[in-house]
Structures are given as structure tokens and as C-alpha cells.
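The values are calculated or read from the model by the stated rules, or taken from the named source; none is laboratory data. Quick caveat: nothing in here was measured; it's all calculated off a predicted structure. Neighbour counts run over all protein chains shown; Cβ positions are idealised from the backbone, glycine included. Accessible surface is based on the protein model in full, side chains and every heavy atom, while ligands, DNA and RNA are left aside. Shrake-Rupley method; radii C 1.70, N 1.55, O 1.52, S 1.80 Å.
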Amino acid sequence: MNTSRRNVVITGAESGIGAACAKIFGEAGDHVAILYHSDAQAAEASAEAVRQAGGTAMTVQCSVDDDRSVDAAFAEVEKACGPVSVLVNSAGINMSGIPVRDMPTPVWTRMLATDLTGAFLTSRRFLKGWAADRPGAIIHISSIHAEAVRAGGADYCAAKGGLTNLVRTLAIEEAPNNVRVNAVEPGMILTPMNERALEDAAYRKSLEVNIPMKRAGKPEEVAYLARWLASEEAAYVTGACIVMDGGLSLLQGVGA
Ligand SMILES: NC(=O)c1ccc[n+]([C@@H]2O[C@H](COP(=O)([O-])OP(=O)(O)OC[C@H]3O[C@@H](n4cnc5c(N)ncnc54)[C@H](O)[C@@H]3O)[C@@H](O)[C@H]2O)c1
């Protein structure tokens, strides 16, 4: 593992998978910019976890669905510590649970703006500021719902499905420039996005029974894969969308 210090930007880093990524990149001694949406206190806790792990950290507010906010956040990071080498985009919102026939347009557009346009805006801004004298890596936190659809999840499945082809297109565009672009597709991970499963053990177990490994994943497990994808050990990996779900998506055709 390449442990030389890099400047790493992580969106949605005040919670869940993003916060775990911050800590795990901190363990590698990196400088981590915690981009947060609205909870400055949680962002500071993430930054402190990075410092405790051996890295350095700063916090910056950023709404990934807003072009100017993304630009301002990256500019602040670059001014403080120089060019960014790694982007982990973990910002996202959960599916609405509303069937398409009833889905209000703002629900659809908010999802696309956050989970798909946010990935586009952060990737584009990363590439604008990237210094060509070093390898670059972009890792998007996607979902198994990029591949396996669920009724009531058209907003989320469409956004994450679109993200797959954003990753693949970016990968071939940026391969000659030494920037690798990949995604992780987690299944059920115990984060605030799965609030009920976090707080209600019986409910959690009723879901975990459907997972071949019989347990939900931990945010740190996603973070270790993200860190590997950003490392020199993954130097030949680009355009990959790697499923991490305890085997859940392998059961797509089972049951009828
Ligand atoms: N938890 C799971 O089971 C699971 C499974 C598959 C994929 N994912 C994906 O992982 C990513 C992280 O989710 P999580 O589980 O850590 O959930 P989480 O709710 O703990 O974290 C999501 C983060 O995104 C931030 N965010 C939301 N809207 C934003 C915006 N407009 N601009 C900037 N930040 C914004 C939130 O503030 C929060 O910090 C998401 O993209 C999600 O789709 C999660």
C-alpha cells in the first residue's frame, strides 16, 4: 500500500460510509478534506477521527448538487493544501419508496441532482484542479441498486444506474491522463441511511436473513475497498463497479 500522504476529498464525510472512509484514509496518513452538507459538528467529529488515526483533516461545507458550492469547496481545499489526488464521492440520499405513477417531480429531481449530478459535478471539479504530475483516483459510492432494481426505488435505481455509465465513460476519457475512475456498489450497510436497522435489532435480523452471509456490512468494509481502489495496488483498475453485498445480489433470480 502506498502510504505517501495525499490530499483526499470525501463528500458526505460527516456520516456513514463517508465518515468511515475519512478515518480509513486517515490511517494511511493522508490529508482528508471532510466535505459535509449540513452538520458541522458531525464533520468535526469525522475530522477528529482522521487525526486520531494518524492523518490530518479539514472540514468544508459542500452541497454536491450545486455547481458553485462544489467549486468553492474544492477551491478552499486546494488553497489550503494544494492539488487533490483522490476524490471519494459518498454523498447521497435514500430511495423514496414511491412508485413512479405517484412520484412527485421534485422527489425525482432531488435524487438525480444529488446521486448523479453530484457525481458529475465533483468529478469534473476534481479533474479541473488535478495536477498531472501524479496519479489520480476517483471513487464513487454507488449501490447494488445500480444493477438490481426495487419497486419504489426508480429514483435511486435510475441515479445509481446512470452513475455506472458515468464511471465507465470517465474511466476511458481519463485513462490516458493517469486518473482512474471506479465505483463501489454496496448492499445493506449499517449507517444512518438504514436508521431503522441500526436501532431495531429484530427488524435488522429480518433483513439480514435474506443476505447469504447473514449479516449487514460495516461502513469500514466499504472504506477499505475505497482505500484500496485509491492505492497504487489498484493501479491497473479503472471503470470497475465492484459489488460488496455479502452475496445479496446473487439471489436476484431466486424465489419464483
Ligand atoms: N447504507 C447503505 O446500505 C448503502 C447501500 C448502498 C449504497 N449506499 C450509498 O452510500 C453512500 C453513503 O451513504 P451512507 O449509507 O453513508 O448514508 P448517510 O446518510 O450516513 O450519508 C450520506 C451523506 O450524504 C450527505 N448528503 C446528502 N445530500 C447531500 C448533498 N446534496 N450534498 C452533499 N452531501 C449530501 C449527507 O449529509 C450524509 O453525510 C450513498 O451514496 C448511498 O447511496 C449506502
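Quickly estimate the mean residue ellipticity at 222 nm for the chain, helices only: each DSSP H run with n ≥ 4 gives -39500 (n - 2.57), and the total goes over all residues, rounded to 500.
Details: 9 runs with 106 residues, N = 256.
The helix-only estimate for the chain comes to -13000 deg cm²/dmol at 222 nm.
Give me the net charge of V243's neighbourhood, meaning all other residues with Cβ under 13 Å from the Cβ of V243; Lys, Arg count +1, Asp, Glu -1.
On the way: positive: K160; negative: E147, E185, E221, D245.
Computed value for this residue: -3.
Given +1 on the Cβ of Lys and Arg, -1 on the Cβ of Asp and Glu, and no further charges, what dipole in debye does the range 7-242 carry about its Cα centre, rounded to the nearest 20?
Values: 21 positive and 28 negative charges, 87 e Å.
For the range 7-242, the charge dipole is close to 420 debye.
Provide the per-residue ³J(HN,Hα) series for the range 124-132, in order, calculated from phi with Karplus coefficients 6.51, -1.76, 1.60 and θ = phi - 60°, each as a whole number of Hz, with x at glycine and proline positions.
Result, rounded to whole Hz: 4, 5, 4, 5, 5, x, 5, 9, 5.
What does the accessible area of H37 come to, in Å² to the nearest 10, when a probe of 1.4 Å is used?
Roll a 1.4 Å probe over it and H37 shows about 110 Å².
For E76 and A235, what is the calculated FRET efficiency with R₀ set at 35 Å and r taken between the beta-carbons, to the nearest 0.05?
Details: r = 29 Å, r/R0 = 0.84.
According to the calculation, E is roughly 0.75.
Can you pull the accessible area of W108 for me, 1.4 Å probe, Å² to the nearest 10?
Answer for W108: close to 100 Å² accessible.
Just want the answer: with Cβ charges of +1 for Lys and Arg and -1 for Asp and Glu, which residue in N89, Y156, A175 is farthest toward the dipole's positive end in the chain?
Of the listed residues, the answer is A175.
Quote to one decimal, in nm, the extra length available between Y224 and S4 on full extension: 0.36 nm per residue of separation minus the C-alpha distance between them. Working shown, then result.
Working: separation 220, 0.36 × 220 = 79.20 nm, distance 1.68 nm.
Here the answer is 77.5 nm.
Add +1 for every Lys or Arg and -1 for every Asp or Glu among the other residues with Cβ under 13 Å from the Cβ of G16, and state the total.
Details: positive: K23, K218; negative: E14, D39, E195, E220, E221.
Counting the neighbours of G16, the net charge comes to -3.
So for the pair A175, R215, with labels modelled 7 Å out along Cα→Cβ, what separation do we get in nm?
Going by the 7 Å Cα→Cβ label model, 3.7 nm.
For Y203, Y224, Y36, Y236, give me the order by solvent-accessible area with a 1.4 Å probe, most accessible first, ignoring ligands, DNA and RNA.
Largest to smallest exposure gives the sequence Y236, Y224, Y203, Y36.
Return one whole number: the accessible area per residue of the chain in Å², for a 1.4 Å probe.
Numbers: 11850 Å² over 256 residues.
On a per-residue basis, the chain sits at 46 Å².
To the nearest 10 square angstrom, how much accessible area does L225 have with a 1.4 angstrom probe?
Probe radius 1.4 Å; accessible area of L225 about 30 Å².
May I ask you to rank M111, M58 by accessible area, largest first, using a 1.4 Å probe over the protein chains only? It would help to have the intermediate numbers written out before the result.
Details: M111 0, M58 30 Å².
Descending accessible area places them as M58, M111.
Order the peptides 27-35, 238-246 from the highest to the lowest mean number of other Cβ atoms within 10 Å of their residues. Can you show the working numbers first?
On the way: 27-35: 25.1, 238-246: 19.0.
Top to bottom by mean Cβ count within 10 Å: 27-35, 238-246.
When only DSSP loop residues count, what trypsin sites (Lys or Arg not before Pro) in the range 90-180 have their Cβ near at most 13 other Cβ atoms within 10 Å?
Working: sites: R101, R110, R124, R125, K128, R150, K160, R168, R180; in loops: R150.
Listed in order of number, the matching sites are R150.
Of T169, T164, which has the most accessible area with a 1.4 Å probe, and how do the rest follow in descending order? Please report the intermediate quantities before stating the final value.
Working: T169 65, T164 20 Å².
My answer, sorted largest first, is T169, T164.
Considering only P219, A43, A57, whose Cα is most displaced toward the positive end of the charge dipole of the range 7-242, charges sitting on Cβ of Lys, Arg (+1) and Asp, Glu (-1)?
Highest projection toward the positive end goes to P219.
Which percent of the accessible heavy-atom area of the chain goes to carbon and sulfur, probe 1.4 angstrom?
Numbers: 6330 of 11850 Å².
Taking all protein chains in place, the chain shows 53 percent carbon and sulfur surface.
Kindly write out, for the range 149-162 in residue order, the coupling ³J(HN,Hα) from the Karplus curve 6.51 cos²θ - 1.76 cosθ + 1.60 (θ = phi - 60°), rounded to whole Hz, with x marking Gly and Pro.
Going residue by residue, I get 8, 9, 4, x, x, 4, 4, 5, 5, 5, 5, 6, x, x Hz, with x marking Gly and Pro.
Amide H to amide H, which residues 5 or more places from H140 or on other chains are under 5 Å from it, using H placed in the peptide plane?
Hits under the 5 Å cutoff: N89, N182, A183, V184.
Roughly what angle does helix 219-230 make with the longest principal axis of the chain, taking Cα atoms, 0 to 90 degrees, to the nearest 10?
Long axis of 219-230 versus the principal axis of the chain: about 50 degrees.
Rounded to whole Å, give me the distance from the Cα center of the range 202-256 to that of the range 105-147.
That distance is 20 Å.
What is the magnitude of the charge dipole of the range 105-256 about its Cα centre, with +1 placed on the Cβ of each Lys and Arg, -1 on the Cβ of each Asp and Glu, and no other charges, expressed in debye to the nearest 20?
Working: 16 positive and 16 negative charges, 35 e Å.
With only Lys, Arg, Asp and Glu charged at Cβ, the dipole is about 160 debye.
When a/c reaches 1.5 or more, the comparison of a/b and b/c decides; with that in mind, is the range 54-150 rounded, prolate or oblate per its Cα gyration tensor?
Working: a/c = 2.57, a/b = 2.03, b/c = 1.27.
Prolate, since a/c reaches 1.5 and a/b exceeds b/c.
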